[in-house]
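Encoded as structure tokens, the structure appears first; notes follow it.
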Amino acid sequence: STIYKNSLKTSLLQLQCHFTWTLLKQDVDLDHLEETIVDHIKFFIEPNPAFYNLLSYICHLKNSNEKALRNLQKAEEIVQKCYPDEIARRSLVTWGNYAWIYYHMERYEEAQTYVSKVENSCEKLSSTADGKTKLPEVYAEQGWALLSFGGNYFERAKNCFENALKEEPNNPDFNAGYATTLYRLEDFAFRCGKDRSPSIEALKRAVELKPEDTCLLALLALKLQDLKQVDEGERYIEEAMQKTPDFPYCLRYAAKFYRRKGELWKAVKILEKALALTPNSGFLHHQLGVCYRGIVFQWKKTRNPPQDEVERLIKLSISHFKFVANQKPKFVAAHTDLANMYALDKNYEEAEKIFQEVLQRNNLSCYEKQELYFNYGNFQRYHMKSESKAIEYYVEGLKIKNESLGRSKCSEAVQSLLRQKFERGSRDATYFGTLGLVHKLNGQKQKAIEYYQKAIALDHNNEEYQNALFELQLSI
């Protein structure tokens, strides 16, 4: 009956599991996430029920509830085998997912059975009888799930691990989750042009508590590299690669370390080894493309680069970027990288086609747009030899107020281009007006006023400049 169904739904919403953690499928590439978790299950040494719980939720989102149930059975098997004394405590998320999946399959009695199972266990486990008290393990599992759904969830993930650590400050797994989240948050904040939070201390502590976790070792190494402590970082990277030579997640970080250090061929070797283990990894293909591109740029700086070798690497880079762009349509950087490589290969039509496709999209984040405008501006400036179009797109990037790396690149590019024009003796009012706009968008009102005045001196009747100047003078 409807009443029964409604009261069941009310109980379901009280459960702590993937269905109540607002993990939205539009924020993530489900196929890619599923593949990542399957890889994790394959390569992680210790079996982990959380992987199967997350997998069951992804299967549900992809409309295969039968497969979702099979994954929950696997999670239960691991708990029985590895935690025979803590079955209820370790199974709350699994049972919550069972309840929800049975509910969606309209098997309401089974759903109710699992709801009751959770409620009874919570009563036994927690001092308060409402069952709402979250166990630290549940907080941690929620934290890992949030982390896997991308940048918009990192803050919430951090809160989850903080809550888990309040209960058990020395738990190695909770510390690992917390440190990983801080590292990811910094990386994400850096791309968005924000200040970074101090993950270095958290990483050191996590490595101390869990020295066998080579992903943590590698993240600590990358952080040390950020802080210009490269030699110390390299010691951790080498240690990680010795401990787990066939662990693709450790290898990909090691490759990133050597790529950033400028040892590109070494990075390529490591990436090829990792790719042999996980041949469909978009991340690895992308990194290989980036390395080959880097080698091409290194060669182009030399006197007589080996032309046929340069062309071979350009083609290789294109093939890797193409693989990623096809596999991960939402990964904008892969598309711009591919377009840029086509431009380098003088295949301008193909480059233009890709840029146009991405420019038409209406679901890009602010910082993705800014990066895109910067790249397309460069394409117009250096390959199409159209400075006016380049200026137009750099300015588009500036009009988006969010501070980011892409925005400051747009700002620098447009200013240097306009300065070149003035150095060549240009007295075109448009360029002075554009520089006025650039300073205005950057919040430098005094400078903006100066350039608008120069523009008006050259073009007396331009209403746009006069209005802009008037507004600025009012706002000071």
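The values are calculated or read from the model by the stated rules, or taken from the named source; none is laboratory data. Bear in mind the structure is a predicted one, so any value in this text is a computation, not a measurement. Using ideal geometry, Cβ is built from the backbone for each residue, glycine included, and neighbour counts are taken over all protein chains shown. When the accessible area is computed, the model is the full protein with side chains, heavy atoms only, and any ligands, DNA or RNA have been set aside. Shrake-Rupley method; radii C 1.70, N 1.55, O 1.52, S 1.80 Å.
Here the label points at residue 26 and residue 235, each 7 Å from Cα along the C-beta direction, are separated by 5.0 nm in the simple model. If only the Cβ of Lys and Arg carry +1 and only the Cβ of Asp and Glu carry -1, the dipole of the chain around its Cα centre is close to 1100 debye.
Matching the structure-derived Cα Rg over 2.2 N^0.38 Å against the labelled list (i) 1.13; (ii) 1.17; (iii) 1.36 gives the label (ii).
Among the listed pairs 389/440; 261/401; 74/124; 269/301; 74/204, give every one whose C-alpha distance is greater than 29 Å. The partial results should precede the final answer.
On the way: 389/440 20 Å; 261/401 33 Å; 74/124 25 Å; 269/301 23 Å; 74/204 33 Å.
Where the Cα-Cα span goes over 29 Å, the pairs concerned are 261/401; 74/204.
Over segment 19-64, with every protein chain in place, what whole percent of the accessible area is carbon and sulfur at 1.4 Å, could you tell me?
55 percent
Between residue 80 and residue 44, the FRET efficiency from the beta-carbon distance, with R0 = 25 Å, is close to 0.85.
What FRET efficiency would be calculated for the residue pair residue 345, residue 35, taking the C-beta separation as r and a Förster radius of 25 Å, to the nearest 0.05?
Once rounded, the FRET efficiency stands at 0.25.
Per residue, the accessible area of segment 2-129 comes to 53 Å², computed with a 1.4 Å probe over protein heavy atoms only. Straight-line cross-link partners of residue 399 among the aspartates and glutamates, defined as a Cα under 15 Å from its Cα and at least 8 positions apart when in the same chain: 368, 371, 412.
Each Lys or Arg adds one and each Asp or Glu takes one away; over the other residues whose Cβ falls under 13 Å from the Cβ of residue 107, this sums to -3.
In summary, the aspartates and glutamates within cross-link reach of residue 117, defined as a Cα separation below 15 angstrom excluding same-chain residues under 8 places away, comprise 76, 86, 109, 130.
Here the contact order of segment 342-476, divided by its residue count and restricted to Cα pairs under 8 Å and six or more residues apart, works out to 16 percent.
Here the extension length gained between residue 364 and residue 261 equals 34.0 nm, from 0.36 nm per residue of separation less the Cα-Cα distance.
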